[in-house]
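Below is one structure, written out as structure tokens; the observations come after it.
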Amino acid sequence: MFKFKVADLILVTTGKDKGKKGKIEKVFTTDNKITIAGVNIYKRHKKVTKNQAAGIYEITRPIDVAKVALICPKCQKQTRVGFVLEGKVKKRICKKCKGILS
Ligand SMILES: [Zn+2]
């Protein structure tokens, strides 16, 4: 089970975007990577083609999950994700407040 889900609020803990917060847009479980709105943006200059105008395009690149920390929606703290079993269902919990995450 993956620790992060789309729409989780995270904090970037290292790299050029250190300190930025954002919501997860996509999760790439096989690569252990995620994309976050407004984080790890690269600018690309593009020339005119049939389908696009020339200009600067911003591309959100995936970032390694090791570089981010989850912000708990319950206690609002930077935390790590743990897992508990509720019956047969594995749930994510905040390691700080033990609150169950969606
Ligand atoms: Zn918490």
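Computed from the coordinates by the stated procedures, all read-outs in this text should not be read as laboratory data. Just so it is clear, the structure is predicted and the values come from calculations on it, not from any experiment. Counting neighbours? That spans all protein chains shown, and the Cβs are built from the backbone with ideal geometry, glycine included.
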Item to check | Filter result for the condition that a residue is under 23 Å from I93 (Cα atoms) and surrounded by 14 or more Cβ atoms within 10 Å (Cβ to Cβ), over K5, K26 | outcome: K5
Next on the checklist: Quick check on V39: is it in contact with a Lys or Arg (Cβ under 6 Å, 6 or more places away or on another chain), over 12 Å from F4 (Cβ atoms), β-branched (V, I, T) and more than 16 Å from the ligand (Cβ to nearest atom)?
Outcome noted: yes
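Residue-by-condition table, conditions (1) among the aromatic types (F, W, Y); (2) assigned to a loop (DSSP other than H, G, I, E, B):
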{"site": "M1", "(1), (2)": "no, yes"}
{"site": "V6", "(1), (2)": "no, yes"}
{"site": "Y42", "(1), (2)": "yes, no"}
{"site": "G82", "(1), (2)": "no, no"}
Checklist entry - So which residues in the range 75-95 are closer than 21 Å to K18 by Cβ and within 8 Å of the ligand (Cβ to nearest atom), if there are any at all? => result Q76, K77, T79
Checklist entry - Looking at the range 55-74, which of the residues that are assigned to a loop (DSSP other than H, G, I, E, B) and either without any contact (Cβ under 8 Å) to a residue 12 or more places away in the chain or near the ligand (Cβ under 9 Å from one of its atoms) (or both) is surrounded by the most Cβ atoms within 10 Å (Cβ to Cβ)? => result C72
